[in-house]
Amino acid sequence: MGKIFVTGAAGFIGSHTTDRLLAEGHEVSGVDNLRSGHRHNLTEALKSPSFRLAEADVAEAGVLDCLVAEFQPEAIIHLAALVSVQESIQDPALNRRLNVTATELVAAAARAHGVRRIVFASSAAIYGDTTDLPISEEAPKRPISPYGEAKLASEGILLAAAAAGGLTVRCHRYFNVFGPRQDPASQYSGVISIFDRRYRDGKPVTIFGDGQQTRDFISVHDVARANVIAATSGGLVSGVANICTGRATSLLDVVAVFASHYPAVPPPTLAPARSGDIVHSLGRPERARAELGFAAEVPVAEALGELIRAG
Ligand code: UD2
């Protein structure tokens with residue numbers, strides 16, 4: 001069993017990844033500044049003697065170097081980020097600091113302290129608005145937000161560090177991740193987290209457009225499993241891979257699942273499509289299967305049911 005360092009451990013994906021690492025018997029050291037993460041996401045993890053959490057900002061010089069030097073992990077799973085695309089547009093300097101500078105510091109700490117592997121939270125946002133579906137890793141990279149640009153730059157920083165030797169880097173291009181602990185805070189949060197909150201409150205959801213738009217929605221449990229595989233499996237080589245299901249789910253499909261659980265909630269309100277919205281997004285999952293042995297397993301309807309039943 002290994003020692004794994006997780007940045008953004010109190011976040012949506014970070015906390016599920018931490019839970020899974022602990023369940024598999026690994027020792028985990030996490031860091032989070034609790035800006036968008038929450039200590040309560042780690043309620044179970046914090047009961048484990050194999051877990052510790054430092055409350056600190058990874059973009060601050062010296063923080064990562066100190067924590068990595070002390071813990072001496074075999075791998076770093078770098079999930080700390082500015083997660084809102086909208087916020088990256090409003091505050092590009094903050095996006096750069098949290099989504100690029102932090103990555104440089106991760107690479108530097110790994111090299112300085114002999115960490116052998118980094119797993120990085122990249123995003124389908126690096127592809128931008130492509131209509132050539134399903135999207136393969138070879139597709140043109142045309143990010144349309146500071147967030148997408150920063151994720152692409154981070155991939156470059158980490159893969160260059162890996163090319164210098166002694167380090168394996170796996171960049172995970174997540175598609176539309178959903179599940180328990182995702183924050184529905186703003187109108188630009190992930191649509192499923194917003195719908196979940198609205199149905200719980202007994203209020204109708206708003207569908208922008210006709211609801212026939214599709215996304216490659218993937219359960220956070222599958223994403224956490226992909227992270228753990230990439231951090232702990234032997235024999236991996238550096239590279240990038242989509243983390244997706246390869247299956248398209250429409251918003252109407254999503255609404256149908258919620259509606260069946262909440263028959264008393266009024267039907268959705270329809271509103272004009274959001275400007276800049278893409279109609280369809282779908283990833284090719286083959287490379288993750290070939291290079292990591294990872295394939296998504298949780299059907300969307302099942303994961304939605306779990307989310308709806310969660311407290
Ligand atoms: C992601 C990003 C978005 C932008 C976009 C670029 C997130 C959460 N969103 O959006 O910021 O970068 O990629 O392609 O990372 N919708 C509704 N009702 C709602 C909320 C959303 O109908 O209350 C629709 C929305 O208009 C879209 C679909 O649901 O058609 C999915 O929205 P999303 O923001 O969850 O995900 P996405 O991939 O469009």
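Descriptive notes on the structure:
- Residues considered: 89, 144. Of these, the only one that is surrounded by fewer than 23 Cβ atoms within 10 Å (Cβ to Cβ), more than 25 Å from residue 288 (Cα to Cα), within 15 Å of the ligand (Cβ to nearest atom) and more than 17 Å from the chain's Cα centre (by Cα) is 89.
- Tally, over the range 156-179, of residues that are away from the ligand (no atom under 16 Å from the Cβ) and either open to solvent by less than 40 Å² (accessible area, probe 1.4 Å) or closer than 17 Å to residue 121 by Cα (or both): 13
- Criterion: open to solvent by less than 40 Å² (accessible area, probe 1.4 Å) and within 15 Å of residue 174 (Cα to Cα) - qualifying residue of 305, 283: 283
- Elements of type helices (runs of 4 or more DSSP H) in the range 195-311, at least 1 residues being touching a helix residue (DSSP H, G or I) at 6+ places or on another chain (Cβ under 9 Å) and hydroxyl-bearing (Ser, Thr, Tyr): 220-232
- Looking only at residues in the range 180-208 that are near the ligand (Cβ under 9 Å from one of its atoms) and open to solvent by less than 20 Å² (accessible area, probe 1.4 Å), the one that is farthest from residue 256 (Cα to Cα) is 193.
- Restricting attention to the range 252-275 and to residues that are small (Gly, Ala, Ser) and surrounded by 11 or more Cβ atoms within 10 Å (Cβ to Cβ), the residue that is farthest from the ligand (Cβ to nearest atom) turns out to be 260.
- So residue 83, is it under 20 Å from the mean Cα position of the chain (by Cα) and open to solvent by 50 Å² or more (accessible area, probe 1.4 Å): yes
The values are calculated or read from the model by the stated rules, or taken from the named source; none is laboratory data. On a predicted model such as this, the values are computed, not experimentally measured, just so you know. No Cβ is skipped: glycine too gets one built from the backbone with ideal geometry, and neighbour counts run over all protein chains shown. These accessible areas exclude ligands, DNA and RNA; they are computed on the full protein's heavy atoms, side chains included. Shrake-Rupley method; radii C 1.70, N 1.55, O 1.52, S 1.80 Å.
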